[in-house]
1. Say we look at region A:41-82 and pick out the residues that are touching a Gly at 6+ places or on another chain (Cβ under 9 Å), within 7 Å of chain B (Cβ to nearest Cβ) and in a loop (DSSP other than H, G, I, E, B); which of these is surrounded by the most Cβ atoms within 10 Å (Cβ to Cβ)?
2. Tell me which residues, restricted to region A:111-123, are touching a residue at least 12 places away in the same chain (Cβ under 8 Å) and either among the β-branched types (Val, Ile, Thr) or part of a helix (DSSP H, G or I) (or both).
3. So residue B:118 fits all but one of (1) within 16 Å of ligand 2 (Cβ to nearest atom); (2) touching a Lys or Arg at 6+ places or on another chain (Cβ under 8 Å); what number is the exception?
4. Under the condition of being more than 9 Å from chain B (Cβ to nearest Cβ) and in contact (Cβ under 8 Å) with a residue 60 or more places away in the chain, which residue from region A:83-98 is surrounded by the most Cβ atoms within 10 Å (Cβ to Cβ)?
5. Out of everything in region A:124-148 that is in contact (Cβ under 8 Å) with a residue 12 or more places away in the chain and within 13 Å of chain C (Cβ to nearest Cβ), what residue ends up being nearest to residue B:46 (Cα to Cα)?
6. Across region B:260-284, what is the total count of residues that are without any contact (Cβ under 8 Å) to a residue 60 or more places away in the chain and of a type in the set (Gly, Ala, Ser)?
7. Could you tell me which of the residues B:340, B:345 is within 14 Å of another protein chain (Cβ to nearest Cβ), near ligand 2 (Cβ under 10 Å from one of its atoms) and part of a helix (DSSP H, G or I)?
8. Tell me, yes or no, whether region C:62-73 has at least one residue that is over 14 Å from the mean Cα position of the chain (by Cα), within 14 Å of chain B (Cβ to nearest Cβ) and closer than 20 Å to residue B:47 by Cβ.
Amino acid sequence: MFRVMQGYIRAVDAVNHRIGRMAMYGIFVLMGILLWSSISKTFFVPSLWTLEMAQFVMVAYYILGGPYSIQMGTNVRMDLLYGEWSTRRKAQFDLLTVLFLIFYLCVLLYGAVSSTAYSLGYWGSAPFSFFGGLITGTEEIGTMERASSAWRPYMWPIKSVMILGMFLMLLQCISELFKDVLRLRDEAN
Amino acid sequence: MSYELIATLMFSSMMLMLLTGQRVFGAIGFIAVVAALLLWGDRGGFDIGFSAAMKLMKWYPLLTLPMFIFMGYVLSESKIADDLYKMFHVWMGGLRGGLAIGTIGLMVLISAMNGLSVAGMAIGSTIALPELLKRGYDKRMVTGVIQAGSSLGILVPPSVVLVLYAMIARQPVGQLWLAGVVPGLMMAAMFVAYIVIRCWMNPVLGPVLDASARDIPRAEKLRLLRAGLLPLIIFAAMMVPFVKGWTSLVESSAIGAIAAFMAAVIKGRMTREVFEKSVRNTLGITCMFMWIILAALAFGAVFDGLGAVKAIDSLFTERLNLNPWMILILMQLSFILMGTFLDDTAMLVIVAPLYVPLVGALGFDLVWYGILYTITCQIAYMTPPFGYNLFLMRAMAPPEISLRDIYSSITPFVLVMVLALVLVMAFPQLALWLPEKIYGN
Amino acid sequence: QNTIKWRMQTYAGASLAAEVIVPAIDMFNKIAGDRMQIELFFADQLVPTGELFQAMQRGTIDAVQSDDDSMASPTEVTVFGGYFPFASRYSLDVPVLFNKYGLNEIWDEEYSKVGVKHISAGAWDPCHFATKDPIRSLEDLKGKRIFTFPTAGRFLSQFGVVPVNLPWEDIEVAVQTGELDGIAWSGITEDYTVGWADVTNYFLTNNISGAWAGSFFANMERWNELPEDLQTLFRVCCDQSHYYRQWWYWGGEADLRVNGPKMELTSIPDEEWATVESAAFEFWEEIAAESETKRRVVDIIKKYNADMVKAGRPYRYG
Ligand code: NA
Ligand code: NA
């Protein structure tokens, strides 16, 4: 059991570390887009796509980078009481409170999945079975959602990135949960 | 159950959950989605969390957030501020408390180059603080100086807090930024006045630098003065095209970030390690803010759905039957109170939308209120138990500075800030004069 | 007996909504009393406008006031909502097209397919440019970053306009922060009402459409659950809102052009503007070629406009 947890932690942390490291350089992509935006505006005709593209990059940046930021521990906590607690106490409380976080992420992920299903032309209320149906061939892609702008990008790519990021965030939080379980076990020994 | 009761329950359970020390965005997001599910069930209860993400994507001014954070890290990690510090050190060392005064000057310049207080804290506690302690300065005073000074980062333009406020209050960022200039400089002057008075009454707090340490050739002194040009150049590269309307807000922020990066490269300070730290920390801090705002937006949407704005409105105007100024003062007091123990960013996203419409309806100027708001945030950043500057100070301070020192160091500075708040309230022209002068036509 | 509660979101921000929707909803709530209450939310308040349609399908929002275009509804008729270039000249054209020329039936079919009740369509104001710098020729449009409706933006981009899409509530600030050079979203009444007149200097008297077309929609299940008399009451209040807008905009446009102090009027000469109009007729054909339904709608619009020309004054001059 603990073995499995350790394996899970290693695998998930490694994947999220790599993806986070890649997302990290998104800041330069963002800079490039905004710089191009000001150059094209000053010297040529302003580009249609820069603002929306920058928004998409920003979303990918913070959502895909989220799990890595959890690893780095940059998400603030109020440590009025927490700061004074022992490692054991902290682990006990985290064990419980991370469940709240996991619940939130599940709802977020559900919203992302159903919104992505919508962006592929599914208007029913069972998005998961729609994606299942896409694989088995019982469902098909309908009117694909486009942003209401003149550039009119399809929305499913960015929404899929959000699904991926939120899913990875969920995996990372489960990894944090396992870490607390292991911490408590180590304390007990 | 009445909507007011639900709103109160949501707020108090959020505070309780924060006390358990969990990640702030988790606590807020959890309350938001649970409330949405209980209230709306499958009629949209599942969607409110995610639609906040789509709303957040459309908040284009937040594109400036990673830019300003990156700028701050490049400045602090590459140590291009060292020369700046030396400049103040040499020029101010001869006065009682001179180094502390110089540190305030340093903080003002750093504030003009980044939008948060992180960079100021980092530079202050790694460069200035050890030096001040070595020179026998009172540790509580200098700890306070750095926390208070770095909080100017959100009042002196560029400012991320004012960008967020602009989003919520739908006020122009350019005017808000300019409105922060005079109050920011005034507050810096008030800090200096405080230091001068304390050190004049009790010279032990800030001893004069030895003559030997001050014995520097005049040419060298003048050369150091040039260090002050760098922040001015970066500030101008970013602000002039923006105020002139040549580049938009988000484009300007990218230009600022690139300018800071180039400055570090040209000065030969952009090592692999500096690069790595700046890029990584930018991701970390940006993620922290964005995930908190994401959760807080969902919380705010549920609050909005409950009609909390109307409830606050009727509470202040009808039930308590107060005049506009009383309401304004009560709001600021409640902010300061909430700011002591709530996450400051979440507070901005959740509470500001409740207050701002009422402030507007009462006939107050929303640009002016943005400055009151930011000063209140500065106070919230420093007041225990919850405050970003406190967290940073604890993480960065040298070991001889205890938690008790950090907590007690802020008292006089918070009082000075409250005084500044009162002054800006009493004399709105302090904030409004500059934007009216520049955007006057 | 439980009070039925609906959440409704409009695409208009608070300042505009105070004129164009709040009175109708207040009226509805007053008459329906304990039987039914509608809570009204403004642009992007509960859900962002881009998500409005999904939110209505799922029941997060029960009813919506919007044009089809800006909320990007997944139907064949979406492009005709908002400002379909040169489709109508006066605000009365819209109800005639819907009620007398058969658009209602097409809209009903299309929205029924996606689980949404199309209640009724109405007109708002004409579509004019409000800009920081003056527009006196088509040349002046080149390179301007303009907030406009998606389809209008698609059409205008052939004249060098760069359409930008942002949340409605952010427009005023975006003009000030330099994200936008101007707005092609409304007539002058709205420019003054929502504050855009304070951040722009010029108003172009040529318009690319004489009236906005938009509708009231409801979640189909929610609609079917209502007793018939409340459905009727809702329709009556929608009609009241349509009627209010007819005189409010019609009177407002003329009044502010003549007496408004904040914007200077400019015009593109008629001969030059005629090229825009003929480009619009090509655009119609382009759209009609996209599907059978779109062809039907375009044919109706063509027939209507031809009839108006034949009818002569006061329907058409010259
Ligand atoms: Na600043
Ligand atoms: Na605080």
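1. A:78
2. A:112, A:113, A:114, A:115, A:116, A:117, A:118, A:119
3. The single condition residue B:118 does not satisfy is (2).
4. First pass over region A:83-98, keeping only residues more than 9 Å from chain B (Cβ to nearest Cβ): A:84, A:86-89, A:91-92, A:95.
From what is left, the residues that are in contact (Cβ under 8 Å) with a residue 60 or more places away in the chain are A:87-88, A:91-92, A:95.
On the way: A:87: 12, A:88: 13, A:91: 19, A:92: 16, A:95: 17.
For region A:83-98, the residue satisfying everything is A:91.
5. Out of the qualifying residues, it is A:127.
6. Number of matching residues: 2.
7. Values: B:345 fails: near ligand 2 (Cβ under 10 Å from one of its atoms).
The match here is B:340.
8. If we filter region C:62-73 for residues that are over 14 Å from the mean Cα position of the chain (by Cα), which is where we start, we get C:62-63.
Filter again for within 14 Å of chain B (Cβ to nearest Cβ), leaving C:62-63.
If we keep only those that are closer than 20 Å to residue B:47 by Cβ as well, we get C:62-63.
Within region C:62-73, one or more residues are over 14 Å from the mean Cα position of the chain (by Cα), within 14 Å of chain B (Cβ to nearest Cβ) and closer than 20 Å to residue B:47 by Cβ.
The values are calculated or read from the model by the stated rules, or taken from the named source; none is laboratory data. Small disclaimer: the values here were computed from a predicted structure and weren't measured. Glycine also receives a Cβ, built like all others from the backbone with ideal geometry; neighbour counts cover every protein chain displayed.
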